[in-house]
Amino acid sequence: MTGTRAVAIDGPSGAGKSTVGHALARRIDATFIDTGLMYRALTLAAVERGVDVEDGAALGALAGRCQVAVERPAPDQRDRLETVMLDGRDVTRDVRRPRIDRAVSAVSRHAEVRAAMLGVQREAARRGDAVMVGRDIGTVVLPDASLKVYLTADAQTRALRRAVEMGRPERYEEYLDEIRRRDDADSGREVAPLRQADDALVLDTARLNVDECVDAIVARLEEIGA
Ligand code: DC
């Protein structure tokens, strides 16, 4: 253990990990770290520099060359939970583009990429109390986390939520396909696949709202004295 408190939150795309994780971090005064943004920033770097998303060695080398930082947004940036910097450039909007959505699963499945990210993520969690969200946080990155949470919801609920968020109800079917494709890719890959840690607190966000999830996590933290 590191002496700091760490809550690991994993789950599939669109389960509400960022929203719940951010609200939890505020409630318990911890730093919120969304590891998906790190994979997205590396994917953006690869797309911009023409690095093949199937070439693990080249991507691992690229990860070593670029500087990815996830920071708290400026007070006037109310439209976001975090700011992502790639080599000193604010890429917060770029990393959410559909082109990156489509490529990020391919990039994040390589062992070389995951090895490069592991050190950065563990180091970030060592700096102080942290709420870290992703796919493999409780299983691989922070197996000694104070508490592991697995957030989930059925694919239809997640697709509907995305359609509402984007203001594009007519694209529901498209979002559903994309979510299913990403679920398969994230759960089916060989290295650090998405799976529920044995000792995780499992919460279904189709049934619980954000506050109810945060309340349940805080109650469990108190119960275990973390
Ligand atoms: O949470 P997100 O949708 O922003 O994550 C983008 C992609 O990054 C997702 O398809 C899987 C990958 N990812 C991962 O492999 N491991 C993590 N810890 C976080 C994200």
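Annotations
- Calculated diffusion of the chain, Stokes-Einstein form, Kirkwood radius summed over Cα pairs, 25 °C and 0.890 mPa s, µm²/s: 138 µm²/s
- Whole-Hz couplings from phi, Karplus 6.51/-1.76/1.60, listed for the stretch 100-112; x for Gly and Pro: 6, 3, 6, 9, 5, 5, 5, 5, 7, 8, 7, 4, 5
- For the stretch 1-80: relative contact order, % (alpha-carbon pairs under 8 angstrom, 6 or more apart): 20 percent
- In the stretch 108-205, the ratio of gyration radius to Kirkwood radius, Rg to Rh, stands at 1.02 when only Cα atoms are counted.
- Using a Förster distance of 35 Å, the FRET efficiency for residue 168-residue 67 (Cβ separation, nearest 0.05): 0.55
- Amide H contacts for residue 92 (H built 1.01 Å from N in the peptide plane; partners 5 or more residues away or on another chain; cut-off under 5 Å): 84.
- Approximating the spin labels as points 7 Å out from Cα along Cα→Cβ, the residue 144-to-residue 27 distance works out to 2.6 nm.
- Extending 7 Å from the Cα toward the beta-carbon at both residue 58 and residue 89 defines two label points whose distance is 1.9 nm.
- Neighbour net charge for residue 207 - beta-carbon separation under 15 angstrom, K R +1, D E -1: -3
- Here the relative contact order of the chain, from alpha carbon pairs under 8 Å that lie six or more residues apart, stands at 33 percent.
- Share antiparallel - DSSP beta bridges, the chain, percent rounded to 5: 25 percent
Since every read-out is calculated from the coordinates, none of them should be taken as a lab result. Being a predicted model, the structure only gives us computed values, none of them experimental. In this analysis, Cβ positions are derived from the backbone assuming ideal geometry, glycine residues included, and neighbour counts consider all displayed protein chains.
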